[in-house]
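Trainee: Pasting in a structure now, in structure tokens, and then I'll have a few things to ask.
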């Protein structure tokens, strides 16, 4: 299985995917989705991929659930790329009094969304590990992220999805101690962070399905 001519590829997630898409004439934002769009436009224009960014800042997996039909299913996608999990953990840190999405619920809701999309559209999935919370590998946020990273890996195996090892790539970069910032605040990406996401996505996709 690989990309076909005129395939529709929907990216959905939180602010890391969103990256100002609503203020962009092309509705792609200025982050990794734009980088991937431009890569395909420059390197594989014959594919004529229809790339749609449906990232929304602040989203958790339960927010994806609320808008899944409108923002994913109604596009009738051939491929859905999902990046979620950062806010599911972050809300436990900054808003402990709020309703929380712990790993068990995260897995249940996420699995239900994939099952629904597969049943209704027959689409294939590209599942991205959540990136990082703070730019040191053993931060509280990164330790709390680990179960969510594991869940994404398990779902990718269950659904024969492409797994994008974004968390692993970010942790490996941090361990190199380059002194170059991947985020502006521990979560939201610099241009370098966006490039690391995009390059990790491309490597994973090309490894699983050369195009």
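The values are calculated or read from the model by the stated rules, or taken from the named source; none is laboratory data. Here the structure is a predicted model, which means the values were calculated and not measured. Counting neighbours? That spans all protein chains shown, and the Cβs are built from the backbone with ideal geometry, glycine included.
Trainee: Does the stretch 16-33 hold any residues that are outside any loop (DSSP other than H, G, I, E, B) and out of contact with any helix residue (DSSP H, G or I) (no Cβ under 8 Å at 6 or more places or on another chain), and which are they?
Mentor: Correct list: 18, 22, 23.
Trainee: Restricting attention to the stretch 118-128, which residues are touching a helix residue (DSSP H, G or I) at 6+ places or on another chain (Cβ under 7 Å) and either exposed (fewer than 13 other Cβ atoms within 10 Å of the Cβ) or not in a strand (DSSP E or B) (or both)?
Mentor: Across the stretch 118-128, the qualifying residues are 120, 121, 123.
Trainee: Moving to a separate point now. With the structure loaded, tell me whether residue 57 is in contact with a helix residue (DSSP H, G or I) (Cβ under 9 Å, 6 or more places away or on another chain), over 23 Å from residue 159 (Cα atoms) and at pLDDT 95 or above or whether it fails that test.
Mentor: yes
Trainee: Another question, if that's okay. Looking at 115, 153 in this structure, which one is in a helix (DSSP H, G or I), modelled with pLDDT of 95 or more and in contact with a strand residue (DSSP E or B) (Cβ under 7 Å, 6 or more places away or on another chain)?
Mentor: After ruling out the rest, the residue left standing is 153.
Trainee: Continuing with this model, one more query. Assuming residue 93 fulfils every condition listed in (1) out of contact with any strand residue (DSSP E or B) (no Cβ under 8 Å at 6 or more places or on another chain); (2) touching a residue at least 40 places away in the same chain (Cβ under 8 Å); (3) farther than 25 Å from residue 206 by Cα; (4) outside any helix (DSSP H, G or I) apart from one, which condition is it?
Mentor: Only one criterion is unmet by residue 93, namely (4).
Trainee: Then there is this: Pull out all pairs, ordered by first then second residue, where Cβ-Cβ is under 6 Å, the residues are six or more apart or on different chains, the first lies in the stretch 12-29 and is farther than 24 Å from residue 125 by Cβ, and the second is modelled with pLDDT of 95 or more and part of a loop (DSSP other than H, G, I, E, B).
Mentor: What qualifies is 20/29; 20/30.
Trainee: Only one of 33, 80 is in contact with a strand residue (DSSP E or B) (Cβ under 6 Å, 6 or more places away or on another chain), under 13 Å from residue 8 (Cβ atoms) and buried (at least 20 other Cβ atoms within 10 Å of the Cβ). Can you tell me which?
Mentor: 80
Trainee: Kindly establish whether residue 141 is assigned to a helix (DSSP H, G or I), in contact (Cβ under 8 Å) with a residue 24 or more places away in the chain, farther than 27 Å from residue 8 by Cβ and touching a helix residue (DSSP H, G or I) at 6+ places or on another chain (Cβ under 8 Å). Outline the logic, then answer.
Mentor: Numbers: assigned to a helix (DSSP H, G or I): yes; in contact (Cβ under 8 Å) with a residue 24 or more places away in the chain: yes; farther than 27 Å from residue 8 by Cβ: yes; touching a helix residue (DSSP H, G or I) at 6+ places or on another chain (Cβ under 8 Å): yes.
Here the answer is yes, as residue 141 does meet what is asked.
Trainee: If you scan the stretch 174-202, which residues turn out to be without any contact (Cβ under 8 Å) to a residue 40 or more places away in the chain and crowded, with 19+ Cβ neighbours inside 10 Å?
Mentor: Matches in the stretch 174-202: 196, 200.
Trainee: Filter the stretch 96-112 down to the residues that are modelled with pLDDT of 95 or more and over 15 Å from residue 144 (Cα atoms), then identify the one that is nearest to the chain's Cα centre (by Cα).
Mentor: Looking at the filtered set, the residue picked out is 110.
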